[in-house]
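Rule-based calculations on the coordinates, nothing more; no lab input. Everything quoted here is computed from the prediction, not taken from an experiment. Glycine also receives a Cβ, built like all others from the backbone with ideal geometry; neighbour counts cover every protein chain displayed.
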Amino acid sequence: LIQLFMPLNILGFAYREIRQGLTDTEAMFTLLGEKQEVADRPGAPDLAPGPGALAFEEVRFAYRPDRPILKGVTFHVPPGRTLAIVGPTGAGKSTISRLLFRFYDVTGGRILIDGQPIEGVTQRSLRAAIGVVPQDTVLFNDTIRYNIAYGRPGATEEEVVRAARLAQVHDFVMRLPEGYRTMVGERGLKLSGGEKQRVAIARTILKDPRILILDEATSALDTRTEQEIQAALREVSADRTTLVIAHRLSTVVEADEIIVLQEGRIAERGTHAALIAAGGLYAEMWRRQSEAVAMAEAAAAAQAAA
Ligand code: ATP
């Protein structure tokens, strides 16, 4: 999404005015002019309850017929497990989450949640079953309580506080001038990227979705923020089927399986340790990223010393 937002950023003020009213991914897609191409089938049932098994079977997809993006992608995520998707920029990682949300229909293969093909169920029930922690959270111009409770309208005070605690944002809120009643967003208190992300995590904990998508931030965060976010992410993804769309590699190490997408296909798959040992594409990405992190840390240390 960050890619899609970049050009809009230059519209500056007007864009921010529109954007601040939108937190929900669906609304963002509408704003970005992505056609809503899918519709519920007549009489489609809701997604039946289940433990959250996710399957992509030979999934093929193209935004335009002449340019295939996914060329037969197969993976299974058992309930409660974590799959991380890595790969070069433009490889199709975010496309996988868009297809899971059914912003587009696949052009071949199937996507199933608990054995039910997603194109056969209502979009409302599908989207209720999936939670997203986006890389860039947008807050409403309202109280911090409202922003967290948005995950489950009607949540009690206790539920909001519990979610905030799990997301490691409660202590921060208690230090705000008016606690949970503090106004945030563009016209209220501005939160840092890391604080906003923890609000998004609290929101998702309240929503309690069967399947979680973590759209990992593109930009590096400082080490402390990173650790706080990692702890919060561990809470929200514990025992929940999780898909990590990894633009960096920091959250993938603990994933049950990592797939490396390249040119629309799965080029490598395995655990972090196995992929490092294999010495292929993933090992190379990891080496380059570790170097970049070390350089950034050295530069920051030099600046702090100066
Ligand atoms: P990054 O790590 O840079 O975010 P990604 O792997 O998530 O990349 P995707 O966003 O899935 O990549 O995009 C895959 C390809 O599809 C890219 O080449 C992109 O330009 C193209 N693409 C994405 N959205 C659209 C769209 N709405 N219409 C046409 N092409 C698109």
Inset, instruction - Measure of size requested: the Rg and Dmax of the chain, with Cα atoms as the atom set and Å as the unit; please supply both. - result: 19.6, 67
Inset, instruction - Using 0.36 nm per residue of separation minus the Cα-Cα distance, give me the extension gain between residue 46 and residue 89 in nm, one decimal. - result: 12.0 nm
Inset, instruction - Take the chain, connect every pair of alpha-carbon atoms lying under 10 Å apart with a spring to form a Gaussian network, then pick out the residue of 155, 246, 277 with the largest mean-square fluctuation. - result: 277
Inset, instruction - List 272, 76 from most exposed to least, where exposure is judged by having the fewest other Cβ atoms within 10 Å. - result: 76, 272
Legend entry - Two-site label geometry, residue 186 and residue 265: point separation in nm, points 7 Å out along Cα→Cβ: 4.5
Legend entry - Within the stretch 154-306: Cβ-based charge dipole about Cα centre, in debye rounded to nearest 20 (Lys, Arg +1; Asp, Glu -1): 280
Inset, instruction - Please build a GNM for the chain, connecting alpha carbons under 10 Å apart, and tell me which residue among 120, 92, 280 fluctuates the most. - result: 280
Inset, instruction - Provide the gained length on full extension for the span residue 276 to residue 302, in nm with one decimal, where the gain is 0.36 nm per separating residue minus the Cα-Cα distance. - result: 6.3 nm
Inset, instruction - Springs between alpha-carbon atoms under 10 Å, Gaussian network over the chain: tell me which of 192, 97, 237 tops the mean-square fluctuations. - result: 192
Inset, instruction - Could you tell me what percent of the DSSP beta bridges with both partners in the stretch 151-306 are antiparallel, to the nearest 5? - result: 45
Legend entry - Simple spin-label estimate for residue 254 and residue 175 in nanometres, 7 Å along Cα-Cβ: 2.3
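Would you kindly calculate the translational diffusion coefficient of the stretch 65-192, applying Stokes-Einstein with the Kirkwood radius from alpha carbon pairs, for 4 °C and a viscosity of 1.567 mPa s, and quote it in µm² s⁻¹ without decimals?
Translational diffusion coefficient: 73 µm²/s.
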Inset, instruction - Starting with the fewest neighbours, write out 40, 46, 215, 239 ranked by other beta-carbon atoms found within 10 Å of each beta-carbon. - result: 239, 46, 40, 215
Legend entry - Pairwise label distance in nanometres, residue 294 with residue 162, each label 7 Å out on the Cα-Cβ vector: 4.6
Inset, instruction - Starting from the amide H of residue 53, placed 1.01 Å from N in the peptide plane, find each other amide H under 5 Å away whose residue is 5 or more places distant or on another chain. - result: 114
Inset, instruction - Would you please classify the overall shape of the stretch 143-232 from the alpha carbon gyration tensor, given that a ≥ b ≥ c denote the square roots of the eigenvalues, rounded means a/c under 1.5, and beyond that prolate means a/b larger than b/c while oblate covers the rest? - result: oblate
